[in-house]
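Visitor: This is the structure I have questions about; it appears just below.
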Amino acid sequence: MSGKKTFLNWLITKFFGLAKMKPFHFRRRSLHIEALEVREMLSVVGVHSSQDAIESDQAGYVRFVRDDNQGDLTAFYQLDYRNSGCYYDTYSGWAANGKDFSYLPGSSSGYYQGFVIFNDGEYYTDLVINALADASIEGDERLELTLIMENSYWCDRTGISPNTSYTIDASSLAASLTIFDTTIPTTVWITETQDGQEGGNSGFVKLQRDNFETELIV
């Protein structure tokens with residue numbers, strides 16, 4: 001029996017060389033699944049519609065919308081520079097911030113940026129434009145605004161929610177409205193005059209107007 005084993009080993013060594021081969025070792029491999037990058041899905045914000053304002057009668061608004069309603073979100077906008085309301089800038093036909101309409105959230109004298117806040121559960125929020133009445137005959141005036149990102153906003157941040165990350169819908173990033181002037185022109189005319197005399201009666205000119213709504217300087 002031992003002779004057969006010896007002969008068999010000799011055959012293997014002689015013809016195949018298998019006796020001197022190292023045994024096979026199977027390397028254990030583990031399956032590594034790389035985690036995919038988790039990217040936050042940002043809200044898409046746009047301007048949906050607007051309503052004109054009327055002095056002393058009707059407030060206007062600009063409606064901002066987003067494509068979800070999860071959590072609070074602050075979005076930012078910028079008025080046209082002609083709406084800035086700077087005391088040294090007067091643009092005919094353009095409503096001035098703080099003069100022709102109340103200061104908007106985040107804006108102030110000379111600053112024409114602001115923000116709106118979507119509360120949790122809201123798909124839209126309205127920026128109310130309160131027109132301020134005055135006695136000046138200015139005609140109808142325009143207001144325009146454009147959505148901006150947070151990194152372009154440099155005004156007051158009081159009241160801003162922690163979440164300010166969103167993308168802008170390029171197809172609806174701006175809005176405009178008109179503030180209608182309701183000031184009634186006042187007509188003034190001379191109804192009577194009287195000459196004056198030195199050392200005697202005083203002269204006068206009597207004026208009359210067709211409405212008594214406000215104080216009027218002629």
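Visitor: Within the range 96-146, can you find the residues that are at positive phi and in contact with a Cys (Cβ under 8 Å, 6 or more places away or on another chain)?
Guide: GLY106, GLY110
Visitor: Among the residues of the range 63-77, which ones are in a strand (DSSP E or B) and either modelled with pLDDT under 95 or among the basic types (Lys, Arg) (or both)?
Guide: Filtering the range 63-77 for residues in a strand (DSSP E or B) gives 63-66, 73-77.
Those that are in a strand (DSSP E or B) and either modelled with pLDDT under 95 or among the basic types (Lys, Arg) (or both): ARG63, ARG66.
Visitor: Being among the polar types (S, T, N, Q), modelled with pLDDT under 90 and not in a loop (DSSP other than H, G, I, E, B) is the filter here; which residues of the range 102-154 pass it?
Guide: Taking the range 102-154 first, the residues among the polar types (S, T, N, Q) are 102, 107-109, 113, 119, 125, 130, 136, 146, 151-152.
Checking which are modelled with pLDDT under 90 leaves us with 107-109, 136.
Passing the criteria: only SER108.
Visitor: Go through the range 56-104 and count every residue that is hydroxyl-bearing (Ser, Thr, Tyr) and more than 23 Å from GLU150 (Cβ to Cβ).
Guide: At the first step, the residues of the range 56-104 found to be hydroxyl-bearing (Ser, Thr, Tyr) are 56, 61, 74, 77, 81, 84, 87-88, 90-92, 102-103.
Then keep just the ones that are more than 23 Å from GLU150 (Cβ to Cβ); that gives 56, 87-88, 90-92, 102.
Number satisfying all stated conditions: 7.
Visitor: Further question on the same structure: For residues in the range 161-213 being modelled with pLDDT under 70 and surrounded by 12 or more Cβ atoms within 10 Å (Cβ to Cβ), which is farthest from the chain's Cα centre (by Cα)?
Guide: In this case the residue turns out to be THR186.
The values are calculated or read from the model by the stated rules, or taken from the named source; none is laboratory data. Please read these numbers as outputs of a predicted model, since none were measured by experiment. Glycine also receives a Cβ, built like all others from the backbone with ideal geometry; neighbour counts cover every protein chain displayed.
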